[in-house]
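The values are calculated or read from the model by the stated rules, or taken from the named source; none is laboratory data. Every value quoted in this text rests on a predicted model; they were computed, and no experiment measured them. Neighbour counts are summed over all protein chains in view; Cβ atoms, including those assigned to glycine, are modelled from backbone coordinates with ideal geometry.
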Amino acid sequence: MEKTRVIVVGANGRMGREVVKAVAREGDLQLVGGVDVIEDEIRIDVGGREVQVKISSNLEESLNALEPHVLVDFTRPGVAMNHFRLAIAKGVSPVIGTTGITPEDIEEAGRLCAQHQVGAVIAPNFAIGAVLMMKFAEMAAPYLPDVEIIELHHNAKLDAPSGTALKTAEAINRVKERWSGSPAQATNGEPAARGMSVGGIQIHSVRLPGLVAHQEVIFGGPGQVLTIRHDSLSRESFMPGVILAIRRVRGLKELVYGLDRLLGL
Ligand code: NAD
């Protein structure tokens with residue numbers, strides 16, 4: 001059977017390097033190259049075997065020369081959508097892990113997929129445990145009156161609040177008619193101390209070295225507290241989700257937003 005040809009954009013970054021390794025380990029996938037801002041060659045260890053990956057700085061040239069089926073993007077907000085547009089126009093399916101993608105971007109991405117009949121996946125969190133955390137929070141929301149979210153990430157993360165926290169708040173808000181949450185306001189005139197409100201749900205963002213990606217959804221009810229917590233302890237935690245998206249995206253003809261939808265949750 002023909003292998004799925006994969007190009008990784010942001011290949012020299014923290015996530016990109018992990019994706020390069022994960023793709024190179026899979027027998028049904030073929031890593032055809034990497035793209036990053038600086039031309040380079042990286043060597044990675046795949047099960048004791050050294051694999052060399054050429055990094056080009058020119059995405060368009062790489063798409064033409066390497067003819068990938070799937071483009072995986074872990075770069076930075078603001079540039080990922082350019083890569084998405086370029087890929088779709090060439091019939092290459094994008095799998096976008098970069099966060100900070102706006103609702104307008106998602107709308108445009110859906111339109112482009114429909115227009116070109118090319119599948120795509122955009123997921124702000126590829127950790128399957130994190131997706132389950134969001135689902136469990138959605139299940140708990142109708143039964144417990146108040147909820148707040150604390151998201152904690154490494155200090156190099158560019159966007160805040162995290163896409164996962166926003167998505168969790170949106171999911172909880174969808175079941176809100178059965179939920180009577182009313183967040184307490186700051187009384188000393190400093191609303192920032194209570195975090196950012198998303199539809200009445202306060203989100204608190206912590207950025208510290210040493211952290212990877214963590215989130216707590218805390219529900220409070222009379223006499224009880226339910227805490228749903230997920231920790232990504234290393235970037236490996238995202239790889240099963242990324243590999244699943246690479247395998248599924250070629251069979252799609254539309255945009256799938258969120259790993260939960262890909263998992264059928
Ligand atoms: P990083 O800074 O380590 O890596 C980003 C890489 O992208 C760098 O090597 C940089 O040179 C490269 N880059 C920047 N602009 C580029 C361009 N125009 N063309 C090609 N390459 C370019 O960052 P990271 O920690 O690897 O995170 C990358 C993104 O992935 C962030 O948006 C982060 O929030 C997101 N992320 C998503 C998930 C998820 O599950 N969806 C998980 C972790 C991180």
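Those residues that are in contact with a Gly (Cβ under 8 Å, 6 or more places away or on another chain) and within 28 Å of Ala213 (Cα to Cα), I need them from the range 92-121; list them, please.
Hits for the range 92-121 are Ser93, Thr98, Thr99, Gly100, Ile101, Gly119.
Starting from the range 243-265, take each residue that is within 16 Å of Leu132 (Cα to Cα) and list its partners that are outside any helix (DSSP H, G or I) and of a type in the set (S, T, N, Q), counting only C-beta distances under 9 angstrom and pairs at least six apart or across chains.
Final answer for the pair search is Gly258/Asn125; Leu259/Asn125.
If we keep just the residues of the range 91-105 that are at pLDDT 95 or above and surrounded by fewer than 15 Cβ atoms within 10 Å (Cβ to Cβ), which is nearest to the ligand (Cβ to nearest atom)?
Glu104
Could you list, ordered by first residue, the pairs with Cβ atoms under 9 Å in which the first is in the range 50-63 and under 16 Å from Ala87 (Cα atoms) and the second is of a type in the set (Gly, Ala, Ser) and outside any strand (DSSP E or B), at least 6 apart or interchain?
From the range 50-63, the pairs are Ser56/Ser62; Ser56/Ala65; Leu59/Ala87; Leu63/Ala87.
Given the condition touching a residue at least 60 places away in the same chain (Cβ under 8 Å), surrounded by fewer than 16 Cβ atoms within 10 Å (Cβ to Cβ) and within 10 Å of the ligand (Cβ to nearest atom), answer yes or no: does some residue in the range 64-79 qualify?
Yes; the residues of the range 64-79 include at least one that is touching a residue at least 60 places away in the same chain (Cβ under 8 Å), surrounded by fewer than 16 Cβ atoms within 10 Å (Cβ to Cβ) and within 10 Å of the ligand (Cβ to nearest atom).
Of the residues that sit in the range 1-51 and are of a type in the set (Asp, Glu), in a loop (DSSP other than H, G, I, E, B) and more than 9 Å from the ligand (Cβ to nearest atom), which one is nearest to Phe74 (Cα to Cα)?
Glu39
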